[in-house]
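The values are calculated or read from the model by the stated rules, or taken from the named source; none is laboratory data. Quantities reported herein were computed from a predicted structural model and do not represent experimental measurements. Cβ coordinates were reconstructed from backbone atoms using ideal geometry, including for glycine residues, and neighbour counts include every protein chain displayed. For the accessible areas, the whole protein counts, side chains as well, though only heavy atoms, and no ligand, DNA or RNA atoms are used. Shrake-Rupley method; radii C 1.70, N 1.55, O 1.52, S 1.80 Å.
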Amino acid sequence: MSGAALAGGIEQHKIEGVPVKVYSLAKTVADCFKFRNKIGLDVALEALKRGDPGKAEETLTKTYGQMDRAFKVIQLYNRFAKPDTAQEDKLAAACVRTAVDSVVEFIDFERARRSVAISKNLELDIPRVKCSQWVLENILLNLLFNAMQAMDINKEGTVEIEAKRKEEKV
């Protein structure tokens, strides 16, 4: 686990004046369901039963929210992990705006961790580029990671993404 799935749902409590990080009930239940194939569905269901019956709806709502966030992160990772072979074969023209939006969403946790802002200035009539969407997204992903890594981690910075049309080129 990493990113939002790891950091979300951790509450800080003071026990005898000492700050202690405690996993919330919703995070515990969500993690139990996430790893139900390893720990068993019975353990995940037991985690649901042990919660405060008066807060069952709240716990389930929080659990669903955390599971939904984890699912979205997994979908993003899956999208960047392997190309759509049907699209690769066609080498369809890629949409620059879609690629930029996808990559910016994908790196949001790392961007926030490094205190980096991302500025997008994309003209409305940007033509498509002749490569697969997956290839374009991976090129942009590498460029953005390189830009963030080149910044001083102790200072806030901004990465500017700009795309303009010049005749029929980007």
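Points worth noting:
- Calculated FRET efficiency for the pair Glu123/Asp152, C-beta based, R₀ 41 Å, to 0.05: 0.85
- Here the scattering of region 92-170 is modelled by Debye summation over its C-alpha atoms, one equal scatterer each and no solvent; at q = 0.12, 0.16, 0.21, 0.24 Å⁻¹ the log10 of I(q)/I(0) is -0.35, -0.60, -0.94, -1.13.
- Split the accessible area of region 100-170 by element, probe 1.4 Å, and carbon with sulfur accounts for 48%.
- Cross-link pairs Lys21/Lys120; Lys14/Lys62; Lys14/Lys155 - those with Cα-Cα distance over 27 Å: Lys21/Lys120; Lys14/Lys155
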